[in-house]
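A short worksheet on the structure shown next.
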Amino acid sequence: MKLKDMFKKTNRKNYISIHSSDNQGRPEVPEGLLKKCNACKAAIVTEDVKSNYYICPKCHNYFRVHARRRVEMIADEGTFEEWDQGLTGGNPLSFPGYEEKVKALQEKTGLDEAVLTGKAKIGGVETVLGVCDGRFMMASMGEAVGEKIARAVERATSEKLPVIIFACSGGARMQEGIVSLMQMAKTSAALKRHSDAGLLYISVLTNPTTGGVTASFAMLGDIILAEPKALIGFAGPRVIEQTIRQKLPEGFQKSEFLLEHGFIDRIVEREEMKEVLTEILKMHERCEDKTGGCTDCCSLVKEEEHTEYKGLTSWERVQISRKKERPVGSEYIKELFDGFIEFHGDRYFKDDRAIIGGIARFHGVPVTVIAQEKGTTTKENIEHNFGMPSPDGYRKALRLMKQAEKFHRPVICFVDTPGAFCGLEAEERGQGEAIARNLYEMSSLKTPIVSIVIGEGASGGALAIALADEVWMLENSIYTILSPEGFASILWKDAKRAKEAAGVMKLTANHLKSLDIVERVIAEPENFTTANLQDVTDKIDAYLAKFICDHAAMDVETLVEKRYQRFRRI
């Protein structure tokens, strides 16, 4: 049946054309039944879009979501309690027509202002929510928006609740001038107090997030998520093009661009947003008992076994540590932890794939996990730069460690690198400073740290994630000032004497245990590969359980002092 036969044309004003403007012989449908996707231009049924998270069913383009609808999509049903209803701003510049425009938008949207704030449960976890609505002057931030966000954050701080803000904004509100600019300072200061109270803030960036909102609350999250292909930036692309008189590259200032450049943790599909937020919130639920969960872990601890060192030379162990079949960091994470959520970026320049990290659970206990990653195929090795981190990787690791400190999570690091990346761009971005900063901060990090050398551990590139309360080594891993080839080249001017160098460098696990450089050596099966990884991870699992129990029970001052003395006596 044709569409025009399905609906009687009683009033032409209630119809829209889906074809040409002359309408001759063209089908017409009731207004609101269909809408056109602004990406693929296809005509789509409005109800299908609404029931599909406001996503085009044909091209997966994201439509903007009204604030109240966003709350319905994210919050547990019936749990949202709106705050600061009726709060509105003034007209500080006496800008002509501004008050009338605001009033008209209030009537049209049913909102008092461009942000909706309140409290709700997400996955059962009580949370403070702020949701910007682009229909209201493109969710620009005037005094009312800044005030509502600041009040919501202050109340969250008082009630010890996490905060989630969905940003969508054109930036500062021009009609309010300098008063609008001051909202950037006000919202940022409120979030700093919330952070200093040890509370979680998740920022979710949607399309578009620009200007003064980007330069304040939107980019201050402990965890920053973004919807796919969202425009995110300080200056708009047209302004940039006019300023530099150049065409911007494809995808510039999109979510994917920011992920690559280290400014957001993760891109999350809208259909998965509630699930991801729930997992993150549950991982950060506050517990006054900082040793919570350790009793169960302690029951896993087994008697420590004596490690028999097979009759291998140091050079043979070097070769084994480098075998391409040897398990890599991500495989240990998968085997040892539950619910790993990877976070990306250093918040300065880049997401370095030579270091991966995030949060997970170890027998129910939230932990931060960081691993130097080589990859298992040629493609993965190239992607991860053969496990040689750049400054951006070390800064990402430190960012995750400081986050772990804030939320009292133990830090578990897996060391496997031939050394920090030696390249022009690494030096330009401060490789030495990045490594030094990690050592400086890790020395007094107020949460337990354990580092496990699983393959190669060469030079400051390894030490930068191994200044820990305890350092463990797998039986055939190595930990050394630099590679045997480099050692031979520097001292003997002959890299071919690498085998000889390995013999004098004391780089094997048993050598380092005898020097009190490491606390534990973990036995490996012969022909160690992913296939028998569990033989090793079963041991690590038990040792980690004991480590977390022992160190979680320490007060912070004792923990930090013991770590300092560990290195002081070497």
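Applying the criterion of at least 1 residues that are over 21 Å from P391 (Cβ atoms), assigned by TED's automatic domain parsing to the domain that holds K350 and in contact with an Asp or Glu (Cβ under 9 Å, 6 or more places away or on another chain) to the helices (runs of 4 or more DSSP H) found wholly in region 424-501 leaves 484-492.
One line per residue, one yes/no per condition, for (1) closer than 26 Å to Y54 by Cβ; (2) touching a Gly at 6+ places or on another chain (Cβ under 9 Å); (3) of a type in the set (S, T, Y):
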site	(1), (2), (3)
L111	yes, no, no
I122	yes, no, no
R173	yes, yes, no
I178	no, no, no
K186	no, yes, no
A189	no, no, no
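When you look at L512, is it touching a strand residue (DSSP E or B) at 6+ places or on another chain (Cβ under 9 Å), in a loop (DSSP other than H, G, I, E, B) and either over 26 Å from T447 (Cα atoms) or modelled with pLDDT of 95 or more (or both), yes or no? Answer is no for this residue. Only residues that are aliphatic (A, V, I, L, M) and in contact (Cβ under 8 Å) with a residue 60 or more places away in the chain: list them for region 157-177, please. I164 - this is the single residue of region 157-177 that is aliphatic (A, V, I, L, M) and in contact (Cβ under 8 Å) with a residue 60 or more places away in the chain. Here is the figure for region 138-154: residues that are of a type outside the set (A, V, I, L, M), buried (at least 19 other Cβ atoms within 10 Å of the Cβ) and closer than 29 Å to V125 by Cβ total 3. The residue of region 47-94 that is farthest from L277 (Cα to Cα), among those that are surrounded by 13 or more Cβ atoms within 10 Å (Cβ to Cβ) and among the polar types (S, T, N, Q), is N91. Within region 550-570, no residue satisfies the criterion of being under 28 Å from the mean Cα position of the chain (by Cα) and farther than 17 Å from E405 by Cα.
Beta carbons closer than 7 Å, at least 6 apart along the sequence or on distinct chains, pair a first residue in region 123-148 that is within 16 Å of T210 (Cβ to Cβ) with a second that is among the acidic types (D, E) and buried (at least 24 other Cβ atoms within 10 Å of the Cβ) for F136/E113; A139/D133; G142/E176; V145/E113.
Tallying residues that are of a type in the set (F, W, Y) and assigned to a loop (DSSP other than H, G, I, E, B) within region 518-570 yields 1.
Matching residues to (1) at pLDDT 95 or above; (2) assigned by TED's automatic domain parsing to the domain that holds F343; (3) among the charged types (D, E, K, R); (4) under 16 Å from the mean Cα position of the chain (by Cα):
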{"residue": "S216", "(1), (2), (3), (4)": "yes, no, no, no"}
{"residue": "M219", "(1), (2), (3), (4)": "yes, no, no, yes"}
{"residue": "R245", "(1), (2), (3), (4)": "no, no, yes, no"}
{"residue": "V268", "(1), (2), (3), (4)": "yes, no, no, yes"}
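If you check L199 against the conditions, is it surrounded by 24 or more Cβ atoms within 10 Å (Cβ to Cβ) and in contact with a helix residue (DSSP H, G or I) (Cβ under 8 Å, 6 or more places away or on another chain)? Here the answer is no, as L199 does not meet what is asked.
Counting the residues of region 224-280 that are in a loop (DSSP other than H, G, I, E, B), among the basic types (K, R) and touching a Lys or Arg at 6+ places or on another chain (Cβ under 7 Å) gives 1. Just one of the listed residues (T206, T210) is out of contact with any Asp or Glu (no Cβ under 6 Å at 6 or more places or on another chain) and not aliphatic (A, V, I, L, M), namely T210. Going through (1) modelled with pLDDT of 95 or more; (2) surrounded by fewer than 24 Cβ atoms within 10 Å (Cβ to Cβ) one by one, T378 falls short only on (1). Scanning region 246-268 for residues that are touching a helix residue (DSSP H, G or I) at 6+ places or on another chain (Cβ under 8 Å) and surrounded by 14 or more Cβ atoms within 10 Å (Cβ to Cβ) returns Q253, G262, F263, I264, R266, I267, V268. Flag: G221 does not match the condition of being of a type in the set (G, A, S) and part of a helix (DSSP H, G or I). K506 meets all of the listed conditions (1) within 24 Å of P366 (Cβ to Cβ); (2) not hydrophobic (A, V, I, L, M, F, W, C); (3) not in a helix (DSSP H, G or I) but one, namely (1).
Selection of strands (runs of 3 or more DSSP E) fully inside region 120-217 by the criterion of at least 1 residues being out of contact with any Ser or Thr (no Cβ under 8 Å at 6 or more places or on another chain) and not acidic (D, E) returns 125-132, 201-210. Residues M184, M273, M174: which one is surrounded by fewer than 17 Cβ atoms within 10 Å (Cβ to Cβ), farther than 18 Å from K350 by Cα and in the same structural domain as T157 (by TED's automatic domain parsing)? Result of the check over M184, M273, M174: M174. Within region 350-366, can you find the residues that are surrounded by 17 or more Cβ atoms within 10 Å (Cβ to Cβ) and farther than 23 Å from T530 by Cα? Within region 350-366, K350, D351, D352, V365, P366 qualify.
You will find that of E325, E373, the residue that is of a type outside the set (V, I, T), over 15 Å from the mean Cα position of the chain (by Cα) and crowded, with 20+ Cβ neighbours inside 10 Å is E373 and no other. Selection of region 411-441 for residues being surrounded by fewer than 22 Cβ atoms within 10 Å (Cβ to Cβ) and in contact with a strand residue (DSSP E or B) (Cβ under 8 Å, 6 or more places away or on another chain) yields only G419. Could you check region 123-170 and list, in sequence order, the residues that are among the small types (G, A, S) and under 23 Å from E279 (Cα atoms)? Residues satisfying the conditions are G123, G124, G130, A152, A156, A167. The lone criterion from (1) out of contact with any His (no Cβ under 6 Å at 6 or more places or on another chain); (2) under 21 Å from G460 (Cβ atoms); (3) of a type outside the set (G, A, S) left unmet by E325 is number (2). Here is the figure for region 514-538: residues that are surrounded by fewer than 16 Cβ atoms within 10 Å (Cβ to Cβ), acidic (D, E) and more than 24 Å from E325 (Cβ to Cβ) total 1. Residues in region 48-87 that are part of a helix (DSSP H, G or I) and aliphatic (A, V, I, L, M) were compared, and the one that is farthest from the chain's Cα centre (by Cα) is V49.
The values are calculated or read from the model by the stated rules, or taken from the named source; none is laboratory data. What you see is a predicted model; the values in this text were computed from it and never measured. Counting neighbours? That spans all protein chains shown, and the Cβs are built from the backbone with ideal geometry, glycine included.
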